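Step one of this worksheet: look at the structure below.
Where a number appears in this text, it was derived from the coordinates with a stated rule and is not lab data. Given the structure is predicted, the values throughout are model-derived calculations rather than measurements. Ideal geometry is used to build each Cβ from the backbone, glycine not excepted, and the neighbour counts take in all protein chains shown.
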Amino acid sequence: PIPKFKTFKDKSTAVEYASKKLTKNKFVVVKPISGSLSYGITVKPSTPLQIRKAVDEAFEGNSNIMIEEYIAGRHY
């Protein structure tokens with residue numbers, strides 16, 4: 001399956017979006033749009049503080065990030 005996602009250029013908007021997903025018991029993956037390997041990717045941040053840190057890390061050196069819905073299962 002392909003997860004639903006949204007892109008962001010603004011930290012506060014990204015944090016707000018991910019926080020709303022969490023209040024609906026939906027987990028997300030926060031990651032930079034550009035980059036390599038797994039640097040800047042956070043899977044299933046589960047508190048408001050973790051979401052804020054994940055967004056800050058994803059924006060480090062990047063002007064755009066992506067937040068996608070988490071899909072449970074094996075990922076390669």
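As a ratio to 2.2 N^0.38 Å, the alpha-carbon radius of gyration for the chain is 0.99.
Output the peptides 2-13, 57-68, 22-33 sorted from most to least packed, where packing is the average of other Cβ atoms within 10 Å over each peptide's residues.
Ranked from most to least packed, the peptides come out as 57-68, 22-33, 2-13.
Mean sequence separation of contacting Cα pairs (under 8 Å, at least six apart), scaled by the length of the chain, corresponds to a relative contact order of 44 percent. Summing Cβ point charges (Lys, Arg +1; Asp, Glu -1) relative to the Cα centre of the chain gives a dipole of roughly 300 debye.
For ASN62, the shell of other residues with beta-carbons less than 14 Å away shows a net charge of -1, using +1 for Lys and Arg and -1 for Asp and Glu.
Of all lysines in the structure, the ones whose alpha carbon falls short of 17 Å from that of LYS24, not counting any fewer than 8 places away in one chain, are LYS4, LYS6, LYS44.
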